[in-house]
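What follows is a set of notes on a single structure, which appears directly below.
The values are calculated or read from the model by the stated rules, or taken from the named source; none is laboratory data. Because the structure is predicted, anything quoted here is derived from the model rather than measured. Virtual Cβ from ideal backbone geometry, glycine too; neighbours counted across all protein chains shown.
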Amino acid sequence: MSINVRDLLDASKLGKKGLVVEAPEPYTKYENGEKTDEIAGYRYQVILSASTWDKISIKVEESSPSIKKEQFQNDNPIPVIMEDLSANAYVTRDRRVGLSFKANSIHPEK
């Protein structure tokens, strides 16, 4: 029996809370392995304050960012809630294992 790497990735252990530390940046859509000019969503730099305090990059498919650049004042991080965070393992060109993170939404904590 082989072990599926995806079974080892339980993003629920990372928690739902985090701190966005930079304004989100758009990422583009790929079709048939080719990069297009169409924005697919936004990438958020998040510190996992509910668990490991690691900084990760999370992609969210959305037409406009849920956290705007104007919300960053004095470089203070913004407390957020991440909905349905998931992790995916992949192999890089230099044969290292990488992790990518995706969430259905990220919104400021109330």
Within segment 79-98, considering residues that are surrounded by 13 or more Cβ atoms within 10 Å (Cβ to Cβ) and in contact with a Leu (Cβ under 9 Å, 6 or more places away or on another chain), the one farthest from TYR44 (Cα to Cα): ALA89
Which listed residue, of ALA40, ALA89, ALA50, is touching an Asp or Glu at 6+ places or on another chain (Cβ under 9 Å) and of a type in the set (A, V, I, L, M, F, W, C): ALA40
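Every residue, every condition in (1) of a type in the set (Ser, Thr, Tyr); (2) under 17 Å from SER105 (Cα atoms); (3) at pLDDT 95 or above, yes or no:
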residue: LYS13; (1), (2), (3): no, no, no
residue: VAL20; (1), (2), (3): no, yes, yes
residue: GLU25; (1), (2), (3): no, yes, yes
residue: LEU48; (1), (2), (3): no, yes, no
residue: ILE56; (1), (2), (3): no, yes, no
residue: GLU62; (1), (2), (3): no, yes, yes
residue: GLN73; (1), (2), (3): no, no, no
residue: ASN76; (1), (2), (3): no, no, no
residue: ARG93; (1), (2), (3): no, no, no
